[in-house]
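As structure tokens, the structure follows; a few thoughts come after it.
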Amino acid sequence: MAKSVNQQLIADQLQISRATVSRCFTNHPGINPETRAKVFRLAAALGYNHLENRTGKNRRNADLNRVGVLICTKVEDYLSTDYQSPGELLIAGVSDYAQLNDSSIEIHYVDPSDKQLTDESYSKIQPLRQKEFDGLLLVYPFPTHVVDQLNLLFPVVSLVEQYSGTPINCVDVDHHRGISTIIGKLSELGHQRIGFLTHDYGMEAHWAMRRFSAYIEEMTRRGLMIDPANILNVRPDDRATVEETYQKALERTRYGVTAWVCAADHQAYGLISFLKEHGLSTPTDISVTGFDGIDSPDDSPQLTTVAIPYYEIGQIGYQRLQELASKRFGSAQHTMLDCALRDGETIGPVK
């Protein structure tokens, strides 16, 4: 017989006390925001939603009592322990800000293949279907049509994902500054043949395209050669699996590429592992950079990357949602946060 989903089950799986789980859902000020984010993440994956009696509560922010956080990803991918989840870092900032403002958040996963609000992963979310949310925060890329539909029904803020042609509020990182810093560092080390690599996620990842655009601009500005053969998985007619992408990167490395700029940290760690299996050492034989600032996996070198302030993005995103709750149809705003180079062990001078 399957276990019922309750707070004790969540506590057991996270190896924390039930009291800690309960305090997460009641916005207790003594709970670490990262712990609260882990509890919310697992609760959403298990299908558990905490319902509290709000009658008689004197909330400081009456316009934003119930916020939905929609995460567009396969649950098993989000809960994977291969790499630290950027989404979890965002949720830590969101939940901490919600706690300070005595509001509640509900996290729901939606299937990236669902393209309409009538599709299963959306329609089964009751407060979404019945328009009970006071606002929505979006994590990871969503189909543009879904974003358009949600934006008509609720105040919406997207976190680290801008949508072309859709007037949606967004809190993001300065992709251009991050990539420019990385290429500048590689150029100082003598690299000229620098490739760009990303993954195919089954839908357009606008964040990857913005980082690619920054790569093109900075390479051009510095007078460095841009070889289309060294640009992997960007063009719609040139998409490949992860294994195929890494194989192409191996071939191009043997052909003369001395450094790879990866659009995300997990891509970079995967590439480093693949190249190592084929006899290439980082940074002795090839330099590799990322973009995120997540913790390095076990047995992996510390990646040279750009650290995104995910926690701050989560907090500012929630704050912007508060503003939209009182002024719904003002002009959409894009808030860009700075990012910083994090030196690691994966780049070196050209030999």
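The values are calculated or read from the model by the stated rules, or taken from the named source; none is laboratory data. For clarity, every value in this text was computed on a predicted model and none was experimentally measured. Reconstructed Cβ throughout: ideal geometry from the backbone, glycine too, with neighbour counts over all protein chains shown.
Table for the structure above
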| item | result |
| --- | --- |
| Selection count where residues are outside any strand (DSSP E or B) and touching a Lys or Arg at 6+ places or on another chain (Cβ under 7 Å), scope the stretch 305-332 | 0 |
| Every residue from the stretch 235-259 that is closer than 18 Å to residue 207 by Cβ and either in a helix (DSSP H, G or I) or in contact with a Phe, Trp or Tyr (Cβ under 8 Å, 6 or more places away or on another chain) (or both) | 236, 242, 245 |
| Unique match (being within 30 Å of residue 168 (Cα to Cα) and either touching a His at 6+ places or on another chain (Cβ under 6 Å) or touching a residue at least 12 places away in the same chain (Cβ under 8 Å) (or both)) among 338, 285, 343, 295 | 338 |
| Helices (runs of 4 or more DSSP H) (entirely within the stretch 77-196) containing at least 1 residues that are under 13 Å from residue 314 (Cβ atoms) and not assigned by TED's automatic domain parsing to the domain that holds residue 291 | 86-100 |
| Residue identified as without any contact (Cβ under 8 Å) to a residue 24 or more places away in the chain and acidic (Asp, Glu) among 204, 251 | 251 |
| Hits in the stretch 204-251 - residues which are touching a strand residue (DSSP E or B) at 6+ places or on another chain (Cβ under 6 Å) and of a type in the set (Lys, Arg) | 248 |
| Given (1) under 22 Å from the mean Cα position of the chain (by Cα); (2) without any contact (Cβ under 8 Å) to a residue 60 or more places away in the chain, number of the condition residue 143 does not satisfy | (2) |
| Of all residues making up the stretch 107-122, the number that are touching a helix residue (DSSP H, G or I) at 6+ places or on another chain (Cβ under 7 Å), touching a residue at least 60 places away in the same chain (Cβ under 8 Å) and within 22 Å of residue 148 (Cβ to Cβ) | 2 |
| Given (1) surrounded by fewer than 15 Cβ atoms within 10 Å (Cβ to Cβ); (2) hydroxyl-bearing (Ser, Thr, Tyr); (3) closer than 28 Å to residue 295 by Cα, index of the condition residue 97 fails | (1) |
| Subset of the stretch 214-234 [acidic (Asp, Glu) and not in a helix (DSSP H, G or I)] | 227 |
| Some residue of the stretch 128-139 being free of Cβ contacts under 8 Å to residues at least 24 places away in the same chain, more than 17 Å from residue 206 (Cα to Cα) and charged (D, E, K, R) | yes |
